[in-house]
1. Could you order HIS39, HIS22 so the one with the most accessible surface comes first? Probe is 1.4 Å.
2. Report the net charge of residues surrounding TRP109, where surrounding means a beta-carbon distance below 10 angstrom and charges are Lys +1, Arg +1, Asp -1, Glu -1.
3. I'd like the carbon and sulfur percentage of the solvent accessible area for the stretch 56-120, probe radius 1.4 Å, heavy atoms only, ligands and nucleic acids excluded.
4. Could you give the length gained on full extension between LEU108 and ALA63, defined as 0.36 nm per residue of separation minus the Cα-Cα distance, in nm?
5. For the pair ASP127/ASP70, report the inter-label distance in nm, with labels modelled 7 Å from Cα in the Cβ direction.
6. Once you list every other residue whose beta carbon is under 15 Å from the beta carbon of LYS96, what net charge do they have if Lys and Arg are +1 and Asp and Glu are -1?
7. Once you list every other residue whose beta carbon is under 14 Å from the beta carbon of PHE86, what net charge do they have if Lys and Arg are +1 and Asp and Glu are -1?
8. Calculate, in nm to one decimal, what GLU90 and SER119 gain on full extension: separation in residues at 0.36 nm each, minus their alpha carbon distance.
Amino acid sequence: MDKDRLSSLYGHWIIAESVSFHLVTSLRSHPSFHLSTEHSRRVWQSLLYVVVEGYQTLNLRDAVIDAILDDAGQVQKLRRFRNATFHHQEDPLSAKYWDFKADPDSELWVVKLNAAFRSFFERELPDHPLSDYLCNLSEAKRSGK
């Protein structure tokens, strides 16, 4: 496996994971609904699609990730959701947004996908320079800091 190309993809996942860290931190501080929390969740989930896109473009293979991505409907919904987030839309709450958000399985599917990518990168790039950053981020997430 080309470690340089995989490292680039890992960098994109780290960006998404950083947003997730701030989302979790915000939820711990303010457990009730707040619009900024929903926007953070939206950005995190949309950034995760960038990782999916890179994974597919690089023709990478991982049994767990592949099984999750076999749900083509969810992948398509996440792609459209990402487009609704990062491309100007006349209606910011268009069908591209709602098709993903209204599906009760989407939230859990994204969490599973993110965990699968975490395991994949930990296995494939254990000595990557960003691994220490991720370890610190994960520890802060667990401890609530």
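1. The residues order as HIS22, HIS39, largest area first.
2. With Lys, Arg at +1 and Asp, Glu at -1, the net is -2.
3. About 56 percent, which is the carbon plus sulfur part of the accessible surface.
4. 14.4 nm
5. Going from the ASP127 label point to the ASP70 one covers 3.5 nm.
6. +2
7. +4
8. Between GLU90 and SER119, full extension yields an extra 6.6 nm.
The values are calculated or read from the model by the stated rules, or taken from the named source; none is laboratory data. Keep in mind that what you see is a predicted model, and the values were worked out from it rather than measured. All Cβ positions, glycine included, derive from the backbone under ideal geometry; neighbour counts span all protein chains shown. These accessible areas exclude ligands, DNA and RNA; they are computed on the full protein's heavy atoms, side chains included. Shrake-Rupley method; radii C 1.70, N 1.55, O 1.52, S 1.80 Å.
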